[in-house]
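Encoded as structure tokens, the structure appears first; notes follow it.
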Amino acid sequence: MECRVLSEKPRRASVNDTVKMSLLCEVDGSCPLCRRDLVVKKNKKNVRVFDVAHIYPLNATDHELAILKGEVRLSNDIDCEENFIALCKECHKIYDTKKTVQEYRQLVEIKKEINKIKELSKLWDRQTLHKDILIVAEKIGSMDERSLDNTKLSYDALKVSDKKDDTFGILNEIKVIQFILIFFVPIKEALKDLEKQEKAKSTFICSQVKSYYAVLLMQDFRQDQIFEKMTEWFMTNTGIDDRSKSEVLVSYFIQNCEIFSEC
Ligand SMILES: [Zn+2]
């Protein structure tokens, strides 16, 4: 039986600006329920048009207590950032007055994804990837069509279909297959060149890639998310400014067993 102290007044933490900005960034500036922009331009000024909502209600009504009974909670403390989410004013009003268990679960899932990404950046804030992978990226970017034609990998050598699962998506698969067929051999050569310059350098890079993949796996990311996160990691850690080049490198490491694989 739920017990509520009658004398306890509804309280609400005053949410400071830093927390508000962090909540806004978490949802990429748009309402997670209706995708409406949470910052709009008014008289050439950016105006925030969102509320900080409690995912699990702060002063739950009897109805809310009943429908949310036994549901997962994001935090023991209801009035803290882990239980907050930025919503547009309309969605917030509906959520607070006509809450359904489906909406509650939806927000819990959204916030869980956000928390996974936050955890990841905490774990890997200072994790770097050897900068010389940039040399490899530049090399593949400078190759012409003819030289790429001569180094194509055979279709039979592809390993992608053995490794990918349903979460990877057909578009990613097609892209990765094409990148592997065209760029696998030249990248392998470029990594061998690095190895000649300094013993174990390419081995070191491969193990860094494998470790980062393991971290993503531990955080329970799906394959499409892993592909995206790895692509971003290559970019931010090496100064590669072209997303496609970074995707080509990630594709190489899928074929070469560092990613999506136990080998
Ligand atoms: Zn909304």
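The values are calculated or read from the model by the stated rules, or taken from the named source; none is laboratory data. Because the structure is a prediction, the values reported are computed rather than measured. Heads up, the Cβs are rebuilt from the backbone with ideal geometry, glycines too, and the neighbour counts pull from every protein chain shown.
Scan segment 103-114 for residues that are in contact (Cβ under 8 Å) with a residue 24 or more places away in the chain and either out of contact with any helix residue (DSSP H, G or I) (no Cβ under 7 Å at 6 or more places or on another chain) or part of a strand (DSSP E or B) (or both) and report the count. Step through it out loud before you land on a result.
Quick first cut of segment 103-114, residues in contact (Cβ under 8 Å) with a residue 24 or more places away in the chain only: 103-108, 110-112, 114.
From what's left, either out of contact with any helix residue (DSSP H, G or I) (no Cβ under 7 Å at 6 or more places or on another chain) or part of a strand (DSSP E or B) (or both): 104-108, 110-112.
Number of matching residues: 8.
Going through L134, L129 one at a time, which residue ends up being in contact (Cβ under 8 Å) with a residue 24 or more places away in the chain, more than 16 Å from the ligand (Cβ to nearest atom), surrounded by 13 or more Cβ atoms within 10 Å (Cβ to Cβ) and outside any helix (DSSP H, G or I)?
Details: L134 fails: outside any helix (DSSP H, G or I).
Selected residue: L129, the only one of L134, L129 that is in contact (Cβ under 8 Å) with a residue 24 or more places away in the chain, more than 16 Å from the ligand (Cβ to nearest atom), surrounded by 13 or more Cβ atoms within 10 Å (Cβ to Cβ) and outside any helix (DSSP H, G or I).
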If you go through segment 30-40 one residue at a time, do you hit one that is away from the ligand (no atom under 15 Å from the Cβ) and at negative phi? no
By residue number, the members of segment 61-94 that are within 16 Å of the ligand (Cβ to nearest atom) and either over 20 Å from T18 (Cα atoms) or buried (at least 17 other Cβ atoms within 10 Å of the Cβ) (or both) are F84, I85, A86, L87, C88, E90, C91, H92, K93, I94
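Is segment 98-115 home to any residue that is hydrophobic (A, V, I, L, M, F, W, C), within 11 Å of the ligand (Cβ to nearest atom) and at pLDDT 95 or above?
Let us first name the residues in segment 98-115 that are hydrophobic (A, V, I, L, M, F, W, C), namely 101, 107-108, 110, 114.
Next, from what is left, pick out any that are within 11 Å of the ligand (Cβ to nearest atom): none.
No, segment 98-115 has no match at all.
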Which numbered condition L65 misses (of (1) closer than 16 Å to Y95 by Cα; (2) modelled with pLDDT under 85): (2)
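Considering F221, F204, which residue is out of contact with any strand residue (DSSP E or B) (no Cβ under 6 Å at 6 or more places or on another chain) and in a helix (DSSP H, G or I)?
F204
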If a residue must be more than 19 Å from T18 (Cβ to Cβ) and either surrounded by 14 or more Cβ atoms within 10 Å (Cβ to Cβ) or within 13 Å of the ligand (Cβ to nearest atom) (or both), how many such residues does segment 50-60 contain? 5
Determine the pairs where a residue that is modelled with pLDDT of 90 or more, located within segment 22-36, has a partner that is within 10 Å of the ligand (Cβ to nearest atom) and of a type in the set (S, T, N, Q) with Cβ atoms under 7 Å apart, the partner being 6 or more residues away or on another chain. R36/S30
Name the single residue that is surrounded by the fewest Cβ atoms within 10 Å (Cβ to Cβ) among those in segment 149-158 being modelled with pLDDT of 85 or more and part of a helix (DSSP H, G or I). D156
Conditions (1) more than 20 Å from K188 (Cα to Cα); (2) surrounded by 22 or more Cβ atoms within 10 Å (Cβ to Cβ); number of the one not met by T236: (2)
Condition first: among the acidic types (D, E), assigned by TED's automatic domain parsing to the domain that holds S246, modelled with pLDDT of 85 or more and outside any helix (DSSP H, G or I). Can you find one or more residues in segment 177-189 that meet it? no
